[in-house]
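The values are calculated or read from the model by the stated rules, or taken from the named source; none is laboratory data. Remember, it's a predicted structure, so these values are computed and weren't measured experimentally. Cβ: placed from backbone, ideal geometry, glycine included. Neighbour counts: every protein chain shown. The area values use the complete protein model at the heavy-atom level, side chains included, leaving out ligands, DNA and RNA. Shrake-Rupley method; radii C 1.70, N 1.55, O 1.52, S 1.80 Å.
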Amino acid sequence: MATATKSVIKPDHANRRRHFIFTDEHEDLRESMRSWVQKEVHPHRNEWEETLWPDSILKRAAELGFVGLCFPEEYGGQGGDYFYSLVRAECMSYSGSGGLNMGFAVHTDMALPPVELLGTDEQKRKYLVPGIKGEKISSLGITEPGAGSDVAAIRTTAERDGDEYVINGSKTFITNGARADFIVLVTKTDPEGGHDGITLFIVDLKDDEGNLVPGFSVSRKLEKMGMHASDTGELSFEDVRVPAENMLGQEGKGFYHISWELQGERLVAAAGCVASAERMFERTMEYALERQAFGRSIGKFQTIRHKFAEMATQIEAGKQMTYATAWRFANGEYPVREITATKLFTSRMACEVADECVQIHGGYGYMKEYEIERAYRDVRLNRIGAGTDEIMLEVIGRSYGL
Ligand SMILES: Cc1cc2nc3c(=O)[nH]c(=O)nc-3n(C[C@H](O)[C@H](O)[C@H](O)COP(=O)(O)OP(=O)(O)OC[C@H]3O[C@@H](n4cnc5c(N)ncnc54)[C@H](O)[C@@H]3O)c2cc1C
């Protein structure tokens, strides 16, 4: 008969619990990138709310290899898998600046991936290579004043004229719009063609001297509730001429191309939501242990303790959902329903966590000097950007044939 072991198994709450999708290499990146964000980015978070994040910080990130993580080595990237994008989004959460994180993500995870997937070798050398070096900044132009959720209703046109296309129309809410060197632009080449009339172009917004190209202007710089470190612009295109070779992907297939782009964008947004919820949780935990009321730390009241327990459970659910879905995406599946559900769940979850964290801070949570006040405003965008909650519900519902 076997003798019973004398060792007692106890819960190990301090375990780092590395998820199985990540390797030692991913964890090495996490350590070095987090340390960089904490040392060189976080100290500037307040200043950049006033001045916007400087282009030089993207260049610095590029020098350190943080921009090219998932792009092919032949274009200056490191050729890593999709999980590196998640690690990057998670590390950026230590910046304390949602606006900076969004500006970076638009470049690394929204505008450059379609250039890499759909671009010709020439386009990749002209736009992806300097993008990876941080020498050119990119933006993505889908939304228009008259069409946001309803992408097929966009009215910006690209009309063929010899070896060029002539672009007319306007885009709004464009992140990096005022600073970008080029934009991945969603246009209509066949205004009567519905979903099949949409085509993508890479459009230079500045010439080699840094002047705006003829016909392009930033008609308005928009003031926002949060994300103040990020510039958001309304862009106008009046007879902007683009060489035909700047068409990205196939003519008339832009709707499907951009739908693919949105999947990666939504997963990275989900990783950002989970990470930002974790940072809010950690900061609020510190506060709750320090703040005294009725002779004890407020974190020791059962009501507050249960708020933390609820938040921890929601964060963990969002994290597992994100990682499991990312694993499927990275392994060749196209799990649109799951990505959509993950984006919906994590953005709602992050907003709920922000709200509870403000509550636990009491009056201090309403004060600008506490980071939770900014995080609360910044995080709200996630239920709107990259597709609203209502559109996520539509996509999920329709995926069942309803
Ligand atoms: C700070 C910021 C940065 C952004 N950055 C970019 C960017 O870089 N590039 C870019 O292209 N866009 C960007 N956007 C735009 C963003 O993606 C859109 O705001 C979003 O897709 C919603 O579009 P809309 O604002 O036109 O709202 P609308 O589409 O007008 O929706 C208004 C409301 O109606 C609901 N609604 C619409 N259709 C339906 C439906 N079928 N069923 C049920 N409800 C519906 C929506 O859910 C929403 O609640 C940004 C937005 C913000 C605020």
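Summary of computed values
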read-out	value
Over the chain: helical MRE at 222 nm, DSSP H runs n ≥ 4 each giving -39500 (n - 2.57), nearest 500	-14000 deg cm²/dmol
Cα gyration tensor shape of region 13-115, rounded if a/c is under 1.5, else prolate or oblate by comparing a/b with b/c	oblate
Accessible area of the chain belonging to carbon and sulfur atoms, whole % at 1.4 Å probe	51
Dimensionless Rg over Rh [region 130-286; C-alpha; Kirkwood]	1.02
Accessible solvent surface per residue of region 1-52, calculated while the other protein chains remain in place, 1.4 angstrom probe, Å²	83
Entries of LYS206/LYS343; LYS206/LYS319; LYS39/LYS136; LYS133/LYS221; LYS133/LYS253 with Cα pairs more than 31 Å apart	LYS206/LYS343; LYS206/LYS319
On Cα atoms only, tilt of 83-92 relative to the major axis of the chain in degrees	70
Other-chain or far-sequence residues with amide H under 5 Å of THR175's (modelled H)	LEU140, GLY233
Accessible-area value, LEU117, 1.4 Å probe, nucleic acids and ligands omitted, Å²	100
Contour minus Cα-Cα distance for ASP163 and THR120 (0.36 nm per residue)	13.8 nm
Theoretical FRET efficiency, 1/(1+(r/R0)^6), r = Cβ-Cβ of LEU212 and VAL8, R0 60 Å, to 0.05	0.30
Amide H within-cut-off set for LEU248, under 5 Å, with H built and near neighbours excluded	LEU200, PHE201, ILE202
Alpha-carbon centroid distance for the pair region 317-332 / region 1-73, whole angstrom	18
Principal-axis tilt of helix 302-330 within the chain, Cα atoms, nearest 10 degrees	40
